[in-house]
1. Do you know the relative contact order of region 1-105, to the nearest whole percent, from alpha carbon pairs under 8 angstrom that are 6+ apart?
2. Please give the charge dipole size of the chain, origin at the Cα centre, charges +1 on K and R Cβ atoms and -1 on D and E Cβ atoms. Round to the nearest 20 debye.
3. Between LEU160 and ARG11, how many nm apart are label points set 7 Å from Cα along the C-beta direction?
4. If I take R0 = 30 Å and measure r between the Cβ atoms of LEU30 and LEU202 in this structure, what FRET efficiency does the formula 1/(1 + (r/R0)^6) give, to the nearest 0.05?
5. Order of ARG206, ARG236 from fewest to most other C-beta atoms within 10 Å?
6. Neighbouring Cβ atoms within 10 Å as the yardstick, rank TRP14, TRP88 fewest first.
7. What is the order of GLU106, GLU54, fewest Cβ neighbours within 10 Å to most?
8. Would you be so kind as to identify all helices of the chain, as entire DSSP H runs, whose Cα atoms reach 27 Å or more along the helix's own axis and whose mean Kyte-Doolittle hydropathy is at least 1.0?
Amino acid sequence: MLREIQTPSQRKNWMRTYTTLASILIGFLLVTAGTGLFGVNTYDNFAPAKYVQESRAQDLITLILGIPLLVVAVSGVRKERIWGIPLWTGVLAYELYVYSIYAFGEVYNAFFLGYVAVASLSMYSIIGLLTGIDAKWFQESVGEKMPRRWIGGFFILITLIFAMIWLGQVMNTIETGIVDSGHLIFVFDLVIVLPAFTIAALKLFRTQAFGDLLSGMLLIKFDSLCIAIALGQLFRSLNNIEVETGLLSVFIPLGLIGLIFTGFYFKNLNTKE
């Protein structure tokens, strides 16, 4: 399971390191997401009202999905279940994305350092988990019916759609000189997220081991974000704030397709004892 880690003591130390980081991360998430969802004016002075509702939705997803799935994933990896790593890294990727935007977006409330801590813990845990796992061992546990080309094609579709949308927003900002409030999302997606989808797609097309490992992480991250965005629009509606139907028309269909592919992905991961 682990690259170049042969002895039981080495595996135990590796596991202890990342389960400890996961435990610390869960502690921070309970505080940051809990205060974001239930606290008063946690985000109000740092974002427009519509984005406050989306932030609360992201916090709710962290509490009801992110943390429970992280616990399940850690338990799975401890038992050397093949599905544990993509589930673990997928949750981490979602938290890294959300809290990096808070950190770089200068949300300097009382919990700002918590946002920085969550982003940092998530990033280094992803790096450690992905580099520590033997990708070829992982691929050996992938079923023959894994729809690699379909998932890869879906990733290319996501990349093309959001590249066009975000580049359009960027060009509008350049032309008008008015910085869009979502500019950090454009930067993160264009610099990190969309290239990751493209790399994963190419590796899936070539049946390369790392593509199988990376695609599970990206599916979980994308699914979580789509659910959070849809929930954020619901929160807007409940608070008499205009709903962005155009946003929903993109994320709901893509999110549903993503959930279907996620189901096929995990169905085709064989349990290795």
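1. Working: 57 pairs, mean separation 22.2, N = 105.
Here the relative contact order equals 21 percent.
2. Details: 19 positive and 18 negative charges, 220 e Å.
Using only the charged Cβ atoms, the result is roughly 1060 debye.
3. That separation, rounded to one decimal, is 4.4 nm.
4. Numbers: r = 38 Å, r/R0 = 1.26.
In this case the efficiency is close to 0.20.
5. Numbers: ARG206 10, ARG236 20.
Sorted ascending by nearby Cβ count, the order is ARG206, ARG236.
6. On the way: TRP14 18, TRP88 25.
Fewest-to-most ranking of TRP14, TRP88: TRP14, TRP88.
7. Numbers: GLU106 9, GLU54 21.
Going from sparsest to densest Cβ surroundings: GLU106, GLU54.
8. On the way: long enough: 8-38 (43 Å, 0.43); 84-104 (29 Å, 1.03); 112-132 (30 Å, 1.62); 148-176 (42 Å, 1.10); 209-238 (45 Å, 1.32); 245-267 (33 Å, 1.62).
The answer, listed by residue number, is 84-104, 112-132, 148-176, 209-238, 245-267.
Quick note: the coordinates plus some simple rules give every number you see, no bench work behind them. In this text, all values refer to a predicted model and were calculated from it rather than measured experimentally. Quick reminder, even Gly has a Cβ in these numbers, built from the backbone with ideal geometry, and neighbours come from all protein chains shown.
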